[in-house]
Structure formats: C-alpha cells, structure tokens
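Structure, as structure tokens:
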Amino acid sequence: MSFLMPCPNCGTRSVYEFRFGGEFRRRPDPGAPDSDWVDYVYNRANINGVQKEWWYHRDGCEKWFVAERDTTCNMVNASYWPYESL
Amino acid sequence: MTNDGDRLSAHSSHQVSQERRVTFYFQGRPVGALSGDTVASALFAQGRRVFSRSFKYHRPRGLLCCSGDCPNCLMEIDGKPNIRACRVQVRPGLHARAQHAWPSVDHDFLRVIERFERLLPIGFYYKTLYKPQLLWKIAEPIIRKLAGLGRVSKQAPSEEYEHRYEFVDVIVIGGGPAGIEAAKVAASSGASVLLVENEPQLGGHLRYETKLYPYEELERPGYELAHMMNSALQNTADLSILTDATAFGSYEGGLVPVLQGRTLIHVRTRAMIVAAGCHQYLPVFRNNDLPGVMLSRSALRLMNLFAIRPGKRAAVYTANDQGYEAAFECLRHNIEVAALIDARKHVHRPERAFDLQLRGVPVISGMKIIEACGSRAVCAVKIASAEDSTRVDSSHQQTIKCDVVLVSTGSQGNSALLLQAGCQLGLDKQIGQPVPVRLAPGVFAAGEILGLRSLPSIIRSGQAAAQSAIQYLKLETVSWQDELDGLLAQARQQSNASFGSIRPTGGTKNFVCLCEDVTQMDLEQGVEEGFDEIETLKRYSTVSMGPCQGRMCARNSTEICAQATNRDFGAVGMTTARPPICPVPLGVLAGPEFHPVKRTSLHYKHLASTNKIMDMGLWKRPFVYTTVAEEYDAVRNHAGLIDVSTLGKLFVRGKDSPVLLDKLYTHWFSKLAVGRTRYGLMCDDSGTILDDGTVARLSDDRYYVTTSTGNIDFVEQWMKWWAAGTNWCVHIVNVTSGMAAVNLAGPKAREILAKVTPLDLSGPAFPYMACREARVAEVPALLLRVGFVGEIGWEIHFPADYGEYLWDVLLDAGRDYHLKPFGVETQRLLRLEKKHIIVGHDTDALSNPYDSDLQWVVKLDKPDFIGRHAHEKMRAQSGKNRLVGFQCVNGGQPDDGCAVVIRGKLAGRVTSARFSPKLNKYVGLAWLPTEHSRSGSEFGFYADGIVHPAVVVDEPFYDPEGNRLK
C-alpha cells in the first residue's frame, strides 16, 4: 500500500502520514432498536468500489477529514472537511 | 598477453583498466584482478570455471549470464551470503567465498545426492519420509542443513543504511539507447527526469558491441555510440542519472523504489518509461547447465567489457541473427569457432552465413543441441535435427568439440515493472517474445523490450515514449496506444527469431530451472500428478521460485506445461512477477536505525539518583530509587514524590466542551462544578473500556483532561473525531509534552506543599477531588487533589520547562518531613492495595465497566453517550467474567499474568499481584468466572509449577473507607 492521500489542509501526502478512521456512516439514534446497534458496532459495508471514509492526518495538521477512495485500486477521488453531524 | 591466460589486450570498449590492479581474496587466497573487474570476471580470467554448486544436486555451475539474471555465480562476499559475483566490482581486500559446497566448490562431496535422483523426484518431501513418523524426525534436520544456499553470519557487523526521497515527472528505467533517448527528449521538454541504470555505465547492450551501427549519417561501433550518447546526456538540465541502481518495483501512487548500494531511494513519479531491455535464456537440452554453456551476450561482455576470452574453441547455438554477430566477435578475438548451429531451417540473412563460412566456420542450419558433454566443464556438444520432438534419431547426430558454447536462442523482455504497474503482455509469435500490448495510464515502454532490434527504431521508440509521456503530463490526449501498435508492427518486421521451434529434448538432466534444479521430466511428472495449471505446477515444482525468479525458466516451463496439457502458450499464461525484482536487504528497507525515546523534563534528575530506569512504551521512567519497601514506607507514613509527567494531558475548551465530554465519557461532565475533578471512563459503542483518566473543570468552558500514559494519541484522535462534522465550538489541545506533572502524596504532603504555595490547602478550602490554579514556588500550576496511591496528596501540573526546578524545590521543602522520591514499581504496589485498576493492564480490549467493578462510573441517567446502549444491556445481564481483588491464603508468589485454576481447569488470569506490607501477604487483581467471584470464593493460581490457594476479597486491601484521603 503506497498510495497518496490528499489532505484538504496540507495537500497530497504519503498515505503513511495518516490514520484510517473507518467508513463514514451515521451513528444510530439513542432509542434505535438493538438490531441497528448490533449492525453499527459489528458490521461494515466494505464496499468494493468508491467508499466514503474518515482519515486523520496524524503526521501533519492533526485534523479529521473525509475521503472518497476507490477500494479496488486505491485511487482517492476527493477529500473534504466533514460538514454534517453524525 | 598478460599473466592471466585468458586476458585480451586493452581496448577502449573495456570497463577494466589494464594499468590498475586490485587484489582481493577467494577462499582466503589472493586473486589479482584489474580495476573495473567484477568478482566473477576476475575469477574467470584466472581460469576458474566452476563458481557454485546447484541447489539440489550440487552440480557444478559456471558463468552463464554475467548480468545478474541467473543463479550460477552466487557467492558469499564480505560475509554476506547469496551475492551475485557478476554484479560486484572488485575492491582491495574484498573476501569472496563459494557457498553450499563441501569441502570445496571444486570438489563437492554432496554431489553424491545426484545419485539418488530417482528417490528425489518433484515434490518428494510430500511423498516420503513421513511413515513411520520417526523418519521425518531424523530426516528433517538433515534436509534443513543441506537446503538453502548461503549462510547468514551472526557475527556480521551491522551496517548503516540510508533513505532518500525524490519526486520527478518522469522516471526512465534502463539506460540503454532507448532509455537515453527517452530521458533526453523528456528533459528537453521541461519535465524533471530520473534515469536509472543498473550497470556501472550507461549504454545498454551497445557497451559490449563492436558491431557497426548507422547513427546520424555515420557508422560507429556500438561501444563508441554508447560513449557518445552518455556524454551527450551529461549536464542536461532537469535530468538526474543513477548508475549501479536498480528500480525494483512499481507500486501504487507512482512509487518506484530504487536500490543503490546501501541507499533506498523512494521515487515518486508521475510517468514511467520502461526501457529495461531483454535478457537471454537457455533452451532445454541435456546438461545445459554445464560450465562453459553461456549466453551469447555474456560472452560479449567478457570479451568487450572485461577483456577476457571465454574459451579457445567456441560452438555458437542460435535461432536469430544475434548468434551470427557473436560468432564474428569470437573470430575477431582469435577464438576458433567450431560451428554455428542455427536451429532455424531457413537462415534470415544468408549473406552473413556465407561470410562465416568464408572464414572457415561451418554453418549448420535446422539442427539443435541435444546434449552438452563434459563432467565439470563442456568439452563437446551433440546436435540433431531440430524437427525431432522427443526421440532423437542417432544416425543424424553430430558431435562438435568445443570448450565454450554461446547460446542465442531466446530473449525475454525485462517486463516485470510493466506487469506490476498494471500493463498486459501478450506473446507475439512473430516477434518471438511476450511484448506489452496494453499499457496502464502513465506507463510507457521503449527499446528491445518491445521486440525492436534495429538501433534506429530503438532510438525512435525512446523518442515516441518520451513524447507520449509529455503529452500525458500535460493532460493532453495521448495517442500512445497507436504509437505502441506501430512500434510492435515494426518489431514484427525486424524479427528474425524463430519461436517454438526448439522443443526441449527428452531425457534427464535437462534443466528448466537452474535455481531449483527442476528438469523437464519433473515438470511433466507434475502435470501428470494433476498440477496442470502453471500456478499450481510452479508451486509444486518450485520452478521460477529461486534467485532468478523466472528470468531463466518462465518461458520454458510454460511451454512444457502447454505441451503436456495440449494447450497454446497463451492459454497457459505466465505467473505473476511481484516486487522486488532483485534481492533487497532488509536493512535497506528499514533504513537508518532510529529508536525514538521519550523523556520527561525531570529525566536527568532521576538519573542522578537511580540507574533503574524502565521502559513504558517509548517513555523512560524510574522503576525504583532505593527499595520498594523504603519508598512504600515513606509514602504511607511520611510523604513521597513521583514524576507522572508521562500522563496524557489535554485542554478541552469552548462553549460546547461540556457537550463533547458528556458524549464521550460515561459520567456527567456538564454537571461537574467548576473547581472539581472527576474520574472519567471512556468507552466505545460496543461498551468496552477505551481509557480512563481524570477530568478537571477549570471554568464553564475549560476542562483539563488526563489520560493513561501512552494512550494520549488515541484519546486526542477520538475526541477530535467525535467533534469533527458537528458544528460544536470546542478546541482540543494536546499538552502532554508541554506540561510536566508530579504527585506529592503522604500524611505530610499538605505540610510540605504549604511551604511552597500561598494557596489555602486546608480540607474545606481544597477538598478531595477538587482542582485549583495557583503558584507553586512561583511556578504557575494546576493542582488536582486526587488519590491514586491512597494517601492525601496533590498532582501538580505545570509547564515542563520548570521540571527540574520544581522537583528540587519540593524535595528540599520535604527534607524535614522525610520526603522521598518514589518510582513506578512502588506506585504500582500502592495503588494495588487500594484496588485501583490500570486500564490496559488489568483490563483488556474486551473489558467493560460492569465486569471491571466500575459500574458506579456509568451514569445511565445521561440520555446519550458513547457505549450507553451496550451498557444498558450489560447492566441487565452479568458477563461471564469479573475483575476481583484477591489475597493469598498461604505461600506462593503470584505474578502479573499467571493462570487462575479452578478445579484443575484454567479459568482466568491474575492481572496484577504484589506483596502487600499492610496485609503481610500477596494480594492482587484477577479475572474470574462470575460464579466464582463473590467475596470469600476460593480459587487457585499457578506459580512455580504448582497451584496455590487464594481467596476473593471485595474491599480494597488498604483503607477501604478512604479515610486517609479525606
């Protein structure tokens, strides 16, 4: 794995400067049924294609952002600041 | 002639310099070489023909490729095993040793293994030596000792390695004529270019050719053209050239790592031009691995780079025009050419054949070599009609006496980097080798790798590749596919090779894979056993899995598999070439040795008092200063001082900081009063504990958070993550290194601290679990009255710069009260007596607050926090295990991590255990099954080989009411 990740603040850097933060998804509301919570805690969509995900620039600006990465070829199409609440 | 019998006189094409001699050592004996020699060429010049012994049968092997593509010259050089002697330039004092032979490479007793060939067929270790089981116990150590090639020396001194980073627009792999042209054109168009060549000089195959080439209206010998092209390239702006450097892989993101000596260069490029040329490989005939059988280009290198005659009487075996040039080259150096054997029925350029015949060289067409004769070096070859497939009609055989065989029957492109970059190769029958048919975006190819053979077209292909690369960089539409198709069409026209006409001859000892001693029969047997796909056949036979990684054997093994399964070559396919394409020392990948260490600002004060420094992750911390007993006594009866600067520390501020903390912690923090501190437990949505710490509220919108040592990175990221994407006004600042912290604890702590601060420390003014900002010895500080060790005390947090000063001030103030510094080990004991858990030591990645006796920290009246849903479930049903305190009944020393045994079965583990002076016995924390976790329950722990009894204790072992803290 050696692809390049564009940080919205710092620009394109080696992916090893970043920490992967998982898929971008909504957390269930507090009153949601058990099945929603089990799905949220234990299951992932694991998309074979373009996936929206969280990344943290650990060796740089130390900020969280969202990237859209094609998981089949590790090409990142876009990255931006998250603007919606979870 | 020089003293080396086979040396030729000096010539300007030579890499060696006849004036400068170098002495190195082989098997401990001195060898005279010329400057510019490789270890292999110098030994060959001295008369050596056997360089190594083969992997399985210990057959003698000699120089075959002289270019690093085969395994035959692997030696131990200066203590490093498995180095190709043909790639190492001699230097004074170098020590070379043969490997994998006993007692010597010239007389290897282990060749006796070859007699047992019948017992060692392909995959023999899967079929034999397993019944009775004892057989394998005996056989395995023997096989392991015999297997492998070189040995790793444990005495080898460690070396230093470097990493470098380069960023270019275009990388050109291969510094032959195509690569040189591509680099020149790309650089002149303004791109930044890096040209990588793995030989010591640029020029590619031209370096060792004396043949005349048309070039810019002149005719020049190859080596002169190489010099000219090289000079023209020097001082070109925006062009860097690396020689003796190998680009060993193509990775995502345009990463092309280059190995140069002890340096790893991480090159990031936007476009890649692969002009890496071709390598030749041997056809399959009996004893094709005999020393003296070498590739024609190998002989040219010996003659024209190293000034060495490869033999006295050569047989040339060819299936293309290159062989004819090699024959002429031999004649030029006064080497007798016994015959030129052309496997093609019809010669492409009959006038060359005629020229040879005029010079007295018999040209035999339509024949192939079926056997090389000789015991440790070739002395003759047997040839027969090339039409025959398996059975050879002995009446048409001829035997030709010779002491060297130059082979030019097949070429394979050095296409590994193209394949790794996502390009597709296809076997072109007319061109005679697999060529790129579809290239990935940003990847281009030029030169012989496309099957081109005429120099003008090779140079034009370099131009075309560079121009297409520039188009690509400028984001213009690239017409590269059309260019490529055109170039391949040219290659077809130029092709004079024959494909598929040289069938492997049947019999034994005809090697397909020289690295692993795999013969044609082995592969056919493998197919018969059911391994009829090349992927499975490769793994079963280990063909192409040796040092050459398929360079010598990929084509032949695929052809044999195709033949055996009645399929087309294309249908069988070739196995995947993965990086690295050359051996890369692990040290080079690791780079410079760098062991980061974290020290608190008080570190040197600790060093002055103790040498028992321990590692806590990257942090260095004092383990103990004098003895645990002394320090324990000080803290419990007087006062102690410990450096806790390793704690993670964060300021969390902003009007929404209460909202964030409420969301992440199980307890209320929006309801925490200003000036108070609270224990904080952080969980994830599966309900398991992530971290614990303290949270102090300094004002309505300012909190000071501490975390476990070593967990600060996680906590900071976790907090920032949950705040990201909301519109909350909250700022998180990591001050772990900016702030130092000490804990002053013990019955006399208040008196000592009062000496250095004007703050009112009395009970009502500064109660337990409160926080205050004040000056301590004039240093601005934050004081937290917490009780980790179970005595009245304060954690003093202050700017790290004052570390040494404040340490001295406090020790001085406490002198009259018998204040002593105490270390981590004492702290562990003190907190254990209070049953204070350490997250990550007493809990693990599956522990939740309910099982860890922390349910009192979980406030389910809070509408939402991370983990709430899971905690509601956990409250309703108890878990399988619980964390409890225990004490020993009689004897036995439990250790952190020892096993809990109940009724003879493993039932849990002890997480912490120490000898408690208070109770005068060993106490600790352990995970037990819930049904055995009630106070008074008995269980056993396993230490010193036996099970000792222990009993569960509910309350803290020391001061269960907490009176000392109030």
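If r is the Cβ-Cβ distance from B:GLU751 to A:VAL41 and R0 is 56 Å, what FRET efficiency results, to the nearest 0.05?
FRET efficiency, B:GLU751 to A:VAL41: 0.65.
Which ³J(HN,Hα) values, rounded to whole Hz and listed in residue order, are derived for the range B:748-759 from phi using the Karplus coefficients 6.51, -1.76 and 1.60 in 6.51 cos²θ - 1.76 cosθ + 1.60 with θ = phi - 60°, glycine and proline given as x?
Whole-Hz 3J(HN,Hα) from phi for the range B:748-759: 9, 4, 4, 4, 5, 5, 4, 6, 10, 9, x, 5.
Of the listed peptides B:562-571, B:894-903, what is their order by residue-averaged count of other C-beta atoms within 10 Å, with the highest listed first?
Output ranking for B:562-571, B:894-903: B:894-903, B:562-571.
Just grab the label-to-label distance for B:GLU476 and B:MET769, each label 7 Å out from Cα along the Cβ direction, in nm (one decimal).
Using points 7 Å along Cα→Cβ, the separation is 7.4 nm.
Report Rg/Rh for the range B:914-956, rounded to two decimals, where Rg is the Cα radius of gyration and Rh the Kirkwood radius.
0.96
Stokes-Einstein at 25 °C, 0.890 mPa s, Kirkwood radius from Cα pairs: D for the range B:1-133 in µm² s⁻¹?
Details: Rh = 16.4 Å.
Estimated diffusion coefficient is 150 µm²/s.
Would you work out the charge dipole size for the range B:849-923 about its Cα centre, treating the Cβ of every Lys and Arg as +1 and the Cβ of every Asp and Glu as -1, and quote it to the nearest 20 debye?
Approximately 200 debye in magnitude.
Have a look at B:ALA639, B:TYR165, B:TYR324 and report the one farthest towards the positive end of the charge dipole of the protein assembly as shown, computed about the Cα centre with Cβ charges (Lys/Arg +1, Asp/Glu -1).
B:TYR324
Give the dimensionless ratio obtained when the Cα radius of gyration of the range B:708-856 is divided by 2.2 N^0.38 Å.
1.19
Between A:ALA32 and B:GLN397, what FRET efficiency follows from the Cβ-Cβ distance if R0 is 60 Å, with the result rounded to 0.05?
0.10
Of the peptides B:264-271, B:768-775, B:70-77, how do they stack up when ordered by the mean number of other Cβ atoms within 10 Å, highest first?
B:70-77, B:264-271, B:768-775
Kindly state, to the nearest 0.05, the FRET efficiency for B:GLN424 paired with A:CYS73, given R0 = 22 Å and r defined as their beta-carbon distance. Can you show the working numbers first?
Values: r = 15 Å, r/R0 = 0.70.
Given R0 = 22 Å and the Cβ-Cβ separation, E is 0.90.
From the phi angles alone, apply the Karplus equation (6.51, -1.76, 1.60; θ = phi - 60°) to the range B:461-469 and give each ³J(HN,Hα) in whole Hz, x where the residue is Gly or Pro.
5, x, 4, 4, 5, 5, 5, 5, 5
If you take the alpha carbon radius of gyration of the range B:111-209 and divide it by 2.2 N^0.38 Å, what ratio comes out, to two decimals?
2.02
As an exercise, take the mean of 1/r over every pair of distinct alpha carbons in the range B:541-657, invert it, and state the Kirkwood radius in angstroms.
So the Kirkwood estimate lands at 21.4 Å.
Quick check: convex hull over the Cα atoms of the range B:286-392, volume per residue in Å³, rounded to an integer?
93
Scan the range B:614-681 for trypsin sites (Lys or Arg not before Pro) in coil per DSSP, keeping those whose Cβ has at most 14 other Cβ atoms within 10 Å, and list them by number. All intermediate terms of the calculation are to be shown ahead of the outcome.
Numbers: sites: B:LYS620, B:ARG636, B:LYS649, B:ARG653, B:LYS655, B:LYS663, B:LYS671, B:ARG676, B:ARG678; in loops: B:LYS655, B:LYS671.
Loop-located and lightly packed - B:LYS655, B:LYS671.
Between the range B:305-375 and the range B:173-224, how many Å separate their Cα centres?
Here the two parts' Cα centres lie 28 Å apart.
Viscosity 1.002 mPa s, temperature 20 °C: Stokes-Einstein D of the range B:431-503 from its Kirkwood Cα radius, in µm² per second?
Calculated translational D: 168 µm²/s.
Over the Cα atoms of the range B:224-325, what Rg and Dmax result, in angstrom?
In Å, with Rg to one decimal and Dmax whole: 18.7, 53.
Given charges of +1 on the Cβ of Lys and Arg and -1 on the Cβ of Asp and Glu, with all other atoms neutral, how large is the dipole of the protein assembly as shown about its Cα centre, in debye to the nearest 20? Write down the numbers at each step before the final one.
Numbers: 119 positive and 115 negative charges, 408 e Å.
It comes to approximately 1960 debye.
Expressed as a whole number of Å, what is the distance separating the alpha-carbon centroids of the range B:893-930 and the range B:509-571?
With the range B:509-571 and the range B:893-930 each reduced to a Cα centre, they are spaced 59 Å.
Against the globular-protein guess of 2.2 N^0.38 Å, express the Cα radius of gyration of the protein assembly as shown as a ratio, rounded to two decimals.
1.22
Within a 10 angstrom radius of the beta carbon, how do B:ARG349, B:ARG460 rank from fewest other beta carbons to most?
Arranged by neighbour count, lowest to highest, B:ARG349, B:ARG460 become B:ARG349, B:ARG460.
Taking the Cα centre of the range B:217-364 as origin and charging only Cβ (+1 Lys, Arg; -1 Asp, Glu), how large is the dipole, in debye to the nearest 20?
For the range B:217-364, the charge dipole is close to 420 debye.
From largest to smallest, what semi-axes in whole angstrom does the range B:828-966 give when each is the square root of 5 times an eigenvalue of its alpha carbon gyration tensor? Could the numbers behind the result be given before it?
Working: eigenvalues 142, 71, 29 Å².
Output for the range B:828-966: semi-axes of 27, 19, 12 Å.
So how many Å³ per residue does the convex hull of the Cα atoms of the range B:158-316 work out to?
Per residue, the Cα convex hull of the range B:158-316 comes to 172 Å³.
Which percent of Cα pairs goes in each bin when the distances of the range B:787-836 are cut into 5 angstrom slices starting at zero?
The distribution over the range B:787-836 is 4, 17, 20, 25, 20, 11, 2, given as percents.
Among A:SER79, B:SER158, B:SER188, what is the fewest-to-most ranking by other Cβ atoms within 10 Å?
Starting with the residue having the fewest Cβ neighbours, the order is B:SER158, B:SER188, A:SER79.
Picking from B:PRO310, B:GLY507, B:MET228, whose Cα lies most toward the positive end of the charge dipole for chain B (charges on Cβ: Lys, Arg +1; Asp, Glu -1)?
Working it through, the farthest residue towards the positive pole turns out to be B:GLY507.
Measuring from label point to label point, each 7 Å out along Cα→Cβ, what is the B:ASP568 to B:ARG144 span in nm?
Here the answer is 4.8 nm between the modelled labels.
Find how much the distance from B:LEU255 to B:GLU593 grows on full extension, using 0.36 nm per residue of separation minus their present alpha carbon separation; answer in nm with one decimal.
Contour length minus the Cα-Cα distance gives 119.4 nm.
Using the Karplus equation 6.51 cos²θ - 1.76 cosθ + 1.60 (θ = phi - 60°), what ³J(HN,Hα) coupling, rounded to whole Hz, does each residue of the range B:518-534 give in order, writing x for Gly and Pro?
Once θ is set to phi - 60°, the couplings for the range B:518-534 become 9, 9, 4, 4, 4, 5, 5, 5, x, 4, 4, 6, x, 8, 9, 9, 4 Hz.
Binned at 10 Å from 0, what are the whole-percent values of the Cα-Cα distance distribution for chain B, short to long?
Distribution as computed: 2, 10, 15, 16, 12, 10, 12, 12, 8, 3, 1, 0 percent.
Which one, B:VAL730, B:GLY746, B:VAL715, is farthest towards the positive end of the dipole of the range B:668-760 when Lys and Arg carry +1 and Asp and Glu -1 on their Cβ?
Final value for the positive-end residue is B:GLY746.
How long are the semi-axes of the equivalent ellipsoid of the range B:390-525, defined as square roots of 5 times the Cα gyration tensor eigenvalues? Whole Å, largest first.
Rounded to whole Å, the semi-axes are 38, 17, 12.
Measure up B:LYS612/B:LYS880; B:LYS649/B:LYS748; B:LYS211/B:LYS368; B:LYS671/B:LYS834; B:LYS671/B:LYS966 against 29 Å on the Cα-Cα distance and list the ones that go over. List each step's numbers first, then the result.
Numbers: B:LYS612/B:LYS880 40 Å; B:LYS649/B:LYS748 27 Å; B:LYS211/B:LYS368 26 Å; B:LYS671/B:LYS834 27 Å; B:LYS671/B:LYS966 22 Å.
Listed pairs above 29 Å: B:LYS612/B:LYS880.
Which aspartates and glutamates have a Cα less than 14 Å from the Cα of B:LYS820, not counting those fewer than 8 places away in the same chain?
The qualifying aspartates and glutamates are B:GLU630, B:GLU631, B:ASP633, B:ASP643, B:ASP808, B:ASP812.
Too long at a 25 Å Cα-Cα cut-off: which of B:LYS56/B:LYS429; B:LYS620/B:LYS755; B:LYS720/B:LYS859?
Violating the 25 Å limit, Cα to Cα: B:LYS56/B:LYS429; B:LYS620/B:LYS755.
Where Rh denotes the Kirkwood radius from the mean inverse Cα pair distance, what is Rg over Rh for chain A? All intermediate terms of the calculation are to be shown ahead of the outcome.
Working: Rg = 14.1 Å, Rh = 13.9 Å.
With Rh from the inverse mean 1/r over Cα pairs, Rg/Rh is 1.02.
So what's the convex hull volume per residue for the Cα atoms of the range B:171-215, in Å³? Can you show the working numbers first?
Details: hull volume 3.0 nm³, N = 45.
Per residue, the Cα convex hull of the range B:171-215 comes to 67 Å³.
Provide B:CYS379, B:CYS278 in ascending order of the number of other Cβ atoms located within 10 Å of each residue's Cβ, fewest first.
In order of increasing Cβ crowding within 10 Å: B:CYS379, B:CYS278.
Report P(r) for the range B:597-667: all Cα-Cα distances, bin width 5 Å, range 0 to the bin holding the largest distance, values in whole percent.
Going from the shortest bin to the longest, the percentages are 3, 13, 18, 16, 12, 10, 11, 10, 6, 1.
Roughly what would the spin-label model give for B:ASN235 and B:ASP684, points 7 Å off Cα along C-beta, in nm?
6.2
Read the figures in this text as sums done on the coordinates, not as results from a lab. What you see is a predicted model; the values in this text were computed from it and never measured. Every residue, glycine among them, receives a Cβ derived from its backbone with ideal geometry; neighbour counts consider all protein chains shown.
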